[in-house]
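S.K.: Please read through the structure below; I'll follow up with questions.
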Amino acid sequence: MIDGHGDDAYKFGREIVSNFSSNVYNQVDLCGLEAHLCTRIGSISTYPEPEPYTLESRLAAHHGVTAREVCVTNGATEAIYLIAQAFRGSRTAILMPTFSEYADACRIHGHQLTSLYTLAEPLDEEIRMLWICNPNNPTGEVRDKEMLVAYIQQHPQVCFVIDQSYEYFTLQPLFTVAEAAELPNVLLLHSLTKRYAIPGLRLGYVTADAELLAHLRAHRMPWSVNALAIEAGLYLLDHSVATGIPMNDYLAEANRLRDMLQASGCMEVWPTDTHFMLVCLRLGKASALKEYLVREHGILIRDASNFEGLDERFFRVATQTREENHTLIKSIMQWISQ
């Protein structure tokens, strides 16, 4: 879904003053990283490591596992397509509604797809792969960790792909790298893009049991991670990079935004365990609201109607500053009162 994600400000002929459409939290001080990359700009004249061995080793040490249990990728998106390729033609289930790239990648590589809407549903005995986004995009829900462990152990024939790209934006318990590496049928996805707000550099990684990860590496394209991205990863692991608002405060503001949206009486807001949330209009279309907010207020939201299982009433917002959040509520109410 190349043309269906959020952060599509390029489509509009006016300045976006408040961007609620992207789940990348941008209050990160990257001055030190930018200065460091300037000193390493000469690296663009030579090939990077064919596989990012150095960064994988550094990440492994950081997480207390071996380098064989870490595979660095060109963003979490490369990991998604790499997994779909490595397990080409599988009978695959996806827990919906969720990030569209899982289904897109699986279709490209010949998977036979099934949609699940709850883990309480019986899992077809022929299913060999299951994708779970945790925290989930677009709902913000975090699956109970103990329940997930039990479910994984009940289905040893299934490879579980658990995307924890937003793991730094929740206080709910999630799998650690070491815990996932001990499970022979779990691939855990991580995103430095989300953690440090560096989407332009494209940097993510997969952690898993060494044998399972060896199968994935066998399908990896050489030089998929560029030299500056590798340098950025090494710098971020070695330096304390300020991430703006403390997470407790940020999530408290997210809960406040959710309460304000819900209190309007015009919207239903799904429960969330992270900084973004899914909203359903009681009347009207999300696409019309989006166009109005951009045109009249320079505010961008994510029309969520193209997530499987959702319809034209749904949109997603990621929490911004208190002032911006108040402006969003006021602007939505103006649209509703028209």
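The values are calculated or read from the model by the stated rules, or taken from the named source; none is laboratory data. Keep in mind it's a predicted model, so treat the numbers as computed, not measured. Every residue, glycine among them, receives a Cβ derived from its backbone with ideal geometry; neighbour counts consider all protein chains shown. The area values use the complete protein model at the heavy-atom level, side chains included, leaving out ligands, DNA and RNA. Shrake-Rupley method; radii C 1.70, N 1.55, O 1.52, S 1.80 Å.
S.K.: Length gain on complete extension for the stretch residue 119 to residue 146, per 0.36 nm per residue less the alpha carbon to alpha carbon distance? Provide the component values of the computation, followed by the final result.
M.R.: On the way: separation 27, 0.36 × 27 = 9.72 nm, distance 1.31 nm.
Answer, rounded to one decimal: 8.4 nm.
S.K.: Moving on. Solvent-accessible area of residue 117, probe 1.4 Å, all protein chains present, reported in Å² to the nearest ten, please.
M.R.: Accessible area, nearest 10 Å²: 110 Å².
S.K.: From the protein chains alone at 1.4 Å, what is the descending order of accessible area for 297, 326, largest first?
M.R.: On the way: 297 50, 326 90 Å².
Listed by decreasing accessible area, they come as 326, 297.
S.K.: What's the FRET efficiency of residue 108 with residue 61 using the Cβ-Cβ distance as r and R₀ = 25 Å, to the nearest 0.05? Present the calculation step by step, with values, prior to reporting the outcome.
M.R.: Working: r = 35 Å, r/R0 = 1.38.
So the FRET efficiency works out to roughly 0.15.
S.K.: Considering only protein heavy atoms, what per residue accessible area in square angstrom results for the stretch 244-291 with a 1.4 angstrom probe? All intermediate terms of the calculation are to be shown ahead of the outcome.
M.R.: Details: 2090 Å² over 48 residues.
Averaged over the residues of the stretch 244-291, the accessible area is 44 Å².
S.K.: Shifting gears a bit: Per residue, what accessible area does the stretch 57-148 have, given a 1.4 Å probe and all protein chains present, in Å²? Before the final figure, lay out the partial values.
M.R.: Numbers: 3620 Å² over 92 residues.
Accessible area per residue, the stretch 57-148: 39 Å².
S.K.: With all protein chains present, how much of the accessible area of the stretch 250-338 (probe radius 1.4 Å) comes from carbon and sulfur, to the nearest whole percent? Don't jump to the answer; show the numbers that get you there.
M.R.: On the way: 1850 of 3740 Å².
Of all accessible area on the stretch 250-338, carbon and sulfur atoms account for 49 percent.
S.K.: Please report, as a whole percent, how much of the solvent-accessible surface of the stretch 20-88 comes from carbon and sulfur atoms (probe radius 1.4 Å).
M.R.: Details: 1820 of 3350 Å².
Percent of accessible area from carbon and sulfur atoms in the stretch 20-88: 54.
S.K.: Can I ask one more? Tell me, what is the FRET efficiency for residue 43 and residue 306 to the nearest 0.05, using R0 = 51 angstrom and their Cβ-Cβ distance as r?
M.R.: On the way: r = 38 Å, r/R0 = 0.75.
Plugging the Cβ-Cβ distance into 1/(1 + (r/R0)^6) gives 0.85.
S.K.: Could you order 217, 40, 282, 302 so the one with the most accessible surface comes first? Probe is 1.4 Å. Walk me through the numbers before you get to the answer.
M.R.: Numbers: 217 45, 40 95, 282 130, 302 10 Å².
Ranked from most to least accessible, the order is 282, 40, 217, 302.
S.K.: For the stretch 104-180, what % of the accessible area comes from carbon and sulfur atoms, probe 1.4 Å? The partial results should precede the final answer.
M.R.: On the way: 1660 of 3340 Å².
Within the stretch 104-180, the accessible surface is 50 percent carbon and sulfur.
S.K.: Suppose R0 equals 25 Å; then what is the FRET efficiency for residue 27 and residue 262 from their Cβ-Cβ distance, rounded to the nearest 0.05?
M.R.: Details: r = 25 Å, r/R0 = 0.99.
So, using R0 = 25 Å, E works out to roughly 0.50.
S.K.: Additional query: Calculated from DSSP H runs of 4 or more alone, at -39500 (n - 2.57) each and per residue, what is the 222 nm mean residue ellipticity of the chain, nearest 500? It would help to have the intermediate numbers written out before the result.
M.R.: Numbers: 12 runs with 124 residues, N = 338.
Estimated from H runs of four or more residues: -11000 deg cm²/dmol.
S.K.: Residue 62: accessible area at probe 1.4 Å, nearest 10 Å²?
M.R.: Accessible surface of residue 62 is approximately 110 Å².
S.K.: On the full set of protein chains, 1.4 Å probe, figure out the accessible area of residue 53 and give it in Å² to the nearest 10.
M.R.: The value for residue 53 is about 120 Å².
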